[in-house]
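As structure tokens, the structure follows; a few thoughts come after it.
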Amino acid sequence: MTPPRPTQEPQSVVAGDTLQFDKDIDNFPASDGWTLAYVLTSPPLAPIYIKDAVITSTGATFNINVPGATTAPWAPGKYFWVAYVTGSGQYAGERFKVGEGWIQIFPNPAAADSTTDYRSTAKKNLDAIDAVLQNRAGADVQSYKINGRELVKMGVTELFQLRSYYYQQWRAERIAAGEQFPSRTVGAAFGPVR
């Protein structure tokens, strides 16, 4: 049984995985000769183009089918994508932007080596803050000045606020990935005093 195809652009893809979805665009149906293309940008990484043979059509619907061999070399990162249609026939020479958004490209697990880090940005920042807090436990100097140059470290309160921010981001990512966290709510029932 073939799984249903998504009908909108994905929010993430793993490099090396097949990317498939269908797209209907009001006022610019494929059946009228419009062609669809995408460009993904994340400077300084090279742009990624999704167009031509990987985008076909069935009636008015565009069918996007990017094989795993094509996505395999895509560099990991967060990309801004723009979708646009180009006309032919009576619409020749016309081009219109029809969508934009963000997509996260995750590293290709088949190309992993000892330097591959699969942690999200939120998890990397959370781990870095935890390391600073752990090292801060033995430090007793928050600022110092040498030859007119001053270094001021972030205070523990600020670090805990930043940690809370990144923890919430990481927790939301894990929940979106299907992980369950225990409830922080404690229930209590009180009866009459005897």
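Among the acidic types (Asp, Glu) and not in a loop (DSSP other than H, G, I, E, B): which single residue out of 26, 22, 17 fits that description?
22
Mind checking whether some residue in region 131-146 is in contact with a Ser or Thr (Cβ under 8 Å, 6 or more places away or on another chain), more than 30 Å from residue 28 (Cβ to Cβ) and not assigned by TED's automatic domain parsing to the domain that holds residue 22?
No: region 131-146 contains no residue that is in contact with a Ser or Thr (Cβ under 8 Å, 6 or more places away or on another chain), more than 30 Å from residue 28 (Cβ to Cβ) and not assigned by TED's automatic domain parsing to the domain that holds residue 22.
For every residue, the table says whether it meets (1) of a type in the set (Asp, Glu); (2) touching a Lys or Arg at 6+ places or on another chain (Cβ under 8 Å).
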residue: 3; (1), (2): no, no
residue: 11; (1), (2): no, no
residue: 37; (1), (2): no, yes
residue: 52; (1), (2): yes, no
residue: 55; (1), (2): no, no
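Hey, can you tell me all the residues within region 159-177 that are part of a helix (DSSP H, G or I) and surrounded by fewer than 11 Cβ atoms within 10 Å (Cβ to Cβ)?
176
So if I check each of 123, 23, 51, which one is more than 21 Å from residue 6 (Cα to Cα) and surrounded by 13 or more Cβ atoms within 10 Å (Cβ to Cβ)?
That would be 123, the only listed residue that is more than 21 Å from residue 6 (Cα to Cα) and surrounded by 13 or more Cβ atoms within 10 Å (Cβ to Cβ).
Within region 59-77, track down each residue that is surrounded by fewer than 12 Cβ atoms within 10 Å (Cβ to Cβ) and in contact with a helix residue (DSSP H, G or I) (Cβ under 8 Å, 6 or more places away or on another chain).
59
Which pairs do you get when a residue that is under 20 Å from residue 10 (Cβ atoms), found in region 106-121, comes within reach of a residue that is of a type in the set (S, T, N, Q), reach meaning Cβ atoms under 6 angstrom, with the pair 6+ apart or on two chains?
Final answer for the pair search is 107/116.
Every residue, every condition in (1) closer than 25 Å to residue 112 by Cα; (2) within 24 Å of the chain's Cα centre (by Cα), yes or no:
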position	(1), (2)
10	yes, yes
13	yes, yes
40	yes, yes
54	no, yes
61	no, no
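Give the residue, chosen from 92, 72, that is of a type in the set (A, V, I, L, M, F, W, C) and either within 21 Å of residue 111 (Cβ to Cβ) or in contact with a His (Cβ under 9 Å, 6 or more places away or on another chain) (or both).
On inspection, the qualifying residue turns out to be 72.
The values are calculated or read from the model by the stated rules, or taken from the named source; none is laboratory data. Everything quoted here is computed from the prediction, not taken from an experiment. In this analysis, Cβ positions are derived from the backbone assuming ideal geometry, glycine residues included, and neighbour counts consider all displayed protein chains.
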